[in-house]
Amino acid sequence: MKKILFGAAAMLLVFAACQKSENNNNDNTKPATGGENTPITLKASTTTPVMDRDHQNDEALTLEWNATTNMGTGARVEYSILIDLKGGSMENAYEISLGPNVTTYTCTVLELNKIAKEELGIENDATTELDVCVYATIKSSEVDDVISNKVTITVTPFEPKPSILYLIGSATEAGWELAKAPAMTPIEGEDGGFTWSGELFQGELKFLVTTDGWVPSYGPGDSDGTLSYRDHLWEDENGNRVDDESLPHVDTPDPKFVIAEQGNYKIVLNIEKLTITITKTGGPKYFSMYAIGTALDEPVEMLRSGYAFLAGAIFKAGNFHFNVQADDSGDAYYAAAAGQDLSATAVSQDSKAEWAVSTEGVYHLYLYAREGKEKAFVVPFTPYEQIWIVGSATDAGWDIANSVPMTKTGTWEQTWQGNLKAGELKFTCDCSTDWFGAWYLAQTTDKVPTGEPEKMIFIDKASDAVAVTGIKELDQKWIITEDTAGYYTITLNQQTETVTIKKN
């Protein structure tokens with residue numbers, strides 16, 4: 001569907017003409033055929049369609065008409081429906097293009113409601129008459145187009161029931177970014193019911209009907225387990241709705257749910273009954289983890305993915321263990337027994353036995369913290385001789401066999417210079433064509449390079465550690481935008497597990 005300015009046709013409708021007086025291509029040297037074409041008679045199934053929330057998915061209106069002809073020219077005949085406010089000239093009519101050989105059109109209550117509100121600017125609850133006609137465009141300079149009679153229908157737009165709902169707020173992974181708000185799932189067979197399961201953080205939460213704006217929205221009601229509805233942003237001092245921010249106004253109440261503790265949750269709500277339950281479910285016991293001890297110069301923060309924690313660390317001779325806090329307070333994971341070999345995976349939260357490191361170097365640490373299945377992997381690391389860049393930001397795209405090679409400039413360092421376009425990138429250590437090899441990934445999804453050294457995550461997806469910890473699908477990339485595309489210098493250090501992606 002598209003909105004058009006219907007120029008010549010609009011003027012003809014003003015005079016209730018059945019034919020246009022000029023040819024489509026304005027070539028006045030070519031006369032019309034001289035005979036009148038078959039008139040189009042438009043009929044409507046009703047002129048007062050039922051329009052309300054309870055019937056929004058029902059059929060609202062069916063339009064039917066007879067076909068006209070091309071008067072023997074063989075020209076294509078295309079039909080459109082024009083809708084305008086009653087008495088309008090059709091200068092700003094809304095057009096529904098239907099194509100050839102169509103003599104009927106049916107729309108639902110929701111579709112008609114959307115046309116009335118979004119295309120014709122009619123507000124909710126404002127009963128309005130609309131003129132509807134059919135326009136036949138004949139693709140010949142020798143035959144005039146044909147316009148039907150007008151049918152007048154009466155509509156009363158309304159605020160429809162949402163067919164989708166979104167979570168928004170600091171308690172969600174997307175934060176307050178509208179475009180990234182996660183969608184809820186409609187509950188089959190339950191009118192107005194939605195559900196969602198996933199991880200929430202300590203923070204605030206509410207629900208949106210659209211990601212195009214902040215209203216309509218749902219927040220907590222006056223009592224536990226209830227919802228409140230907010231359909232406008234501002235009011236005047238008397239509580240009347242204000243839609244123009246330049247006028248005196250105050251913000252309408254905007255209550256939010258508070259998530260007190262990070263965890264996995266299930267949300268079930270109903271926007272018809274205005275009810276909600278937010279239930280904490282199973283999931284990770286811990287949401288932060290550090291490697292701590294005399295084998296490290298400072299605590300090493302680990303990246304969490306589900307129940308797994310992973311990090312690279314530069315060890316010297318000494319001992320270490322894992323703790324949920326950088327200051328070594330709170331819960332911890334230790335080796336299962338004193339003197340446990342680094343290749344053993346058993347852990348304990350009570351033994352107080354630390355792992356002992358005798359050989360300094362770079363190690364990769366994996367801790368699986370799912371209760372009853374806890375394991376730890378301490379894997380010594382040898383730097384790769386060659387690193388490659390792959391991704392849509394490179395000329396190679398996602399053809400891993402043709403990944404862009406970097407240049408080795410030291411035992412641990414690789415560099416590259418060249419053009420990057422808008423797209424994604426990451427680093428492969430082995431060009432494994434099944435995509436489950438060794439990688440350097442960004443620490444967050446869609447990481448925009450800072451131009452400064454930033455931490456990477458190493459993951460060998462073919463390793464036992466990754467298989468046990470269930471993080472094989474971890475795939476966080478850097479992103480180059482249209483604004484940041486250009487010539488770059490990339491420096492990657494496997495010892496410090498840092499990368500500098502700097503635009504020159």
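The values are calculated or read from the model by the stated rules, or taken from the named source; none is laboratory data. Being a predicted model, the structure only gives us computed values, none of them experimental. Using ideal geometry, Cβ is built from the backbone for each residue, glycine included, and neighbour counts are taken over all protein chains shown.
State the number of residues belonging to region 416-434 that are farther than 18 Å from Met456 by Cβ and not polar (S, T, N, Q).
5
Got at least one residue in region 322-335 being of a type in the set (D, E, K, R), within 39 Å of the chain's Cα centre (by Cα) and assigned by TED's automatic domain parsing to the domain that holds Thr489? Before you say what the answer is, go through the steps one by one.
Quick first cut of region 322-335, residues of a type in the set (D, E, K, R) only: 327-328, 331.
Okay, now just the ones that are also within 39 Å of the chain's Cα centre (by Cα), so 327-328, 331.
Now narrow it down to the ones that are assigned by TED's automatic domain parsing to the domain that holds Thr489: none.
No, region 322-335 has no match at all.
When region 323-347 is examined, which residues are found to be farther than 20 Å from Pro299 by Cβ and of a type in the set (S, T, N, Q)? Write out each step before concluding.
Filtering region 323-347 for residues farther than 20 Å from Pro299 by Cβ gives 336-341, 343-346.
Listed by number, the residues that qualify are Gln340, Ser343, Thr345.
Return the pairs, sorted by first residue and then second, in which the second residue is in a strand (DSSP E or B), the first residue lies in region 95-107 and is touching a residue at least 60 places away in the same chain (Cβ under 8 Å), the beta carbons are less than 6 Å apart, and the residues are 6+ apart or on different chains.
These pairs meet every condition: Glu95/Ser80; Glu95/Leu82; Ile96/Ile81; Ser97/Ser80.
For Phe315, are the conditions met, namely being among the hydrophobic types (A, V, I, L, M, F, W, C) and under 36 Å from the mean Cα position of the chain (by Cα)?
Criteria not met by Phe315.
I need the strands (runs of 3 or more DSSP E) fully contained in region 418-504, keeping only those with at least 3 residues that are modelled with pLDDT of 95 or more and of a type in the set (A, V, I, L, M).
Details: elements: 423-428, 438-442, 454-460, 478-480, 486-493, 498-503.
Ranges flagged: 438-442, 454-460.
Take region 469-504 and flag every residue that is closer than 21 Å to Val362 by Cβ and surrounded by fewer than 20 Cβ atoms within 10 Å (Cβ to Cβ).
Leu474, Gln476, Thr491, Asn493, Gln495, Thr496, Thr498, Thr500 - these are the residues of region 469-504 that are closer than 21 Å to Val362 by Cβ and surrounded by fewer than 20 Cβ atoms within 10 Å (Cβ to Cβ).
Residue by residue through region 281-293, note down the ones that are more than 15 Å from Ala332 (Cα to Cα) and surrounded by 14 or more Cβ atoms within 10 Å (Cβ to Cβ).
Kept after step one, since they are more than 15 Å from Ala332 (Cα to Cα), are these residues of region 281-293: 281-283.
If the condition is that a residue be more than 15 Å from Ala332 (Cα to Cα) and surrounded by 14 or more Cβ atoms within 10 Å (Cβ to Cβ), then Gly283 is the only one that fits.
Please give the strands (runs of 3 or more DSSP E) falling wholly within region 316-411 in which 1 or more residues are of a type in the set (S, T, N, Q) and modelled with pLDDT of 95 or more. Working first, answer last.
Values: elements: 318-323, 332-335, 355-357, 361-368, 375-380, 388-390.
It comes to 318-323.
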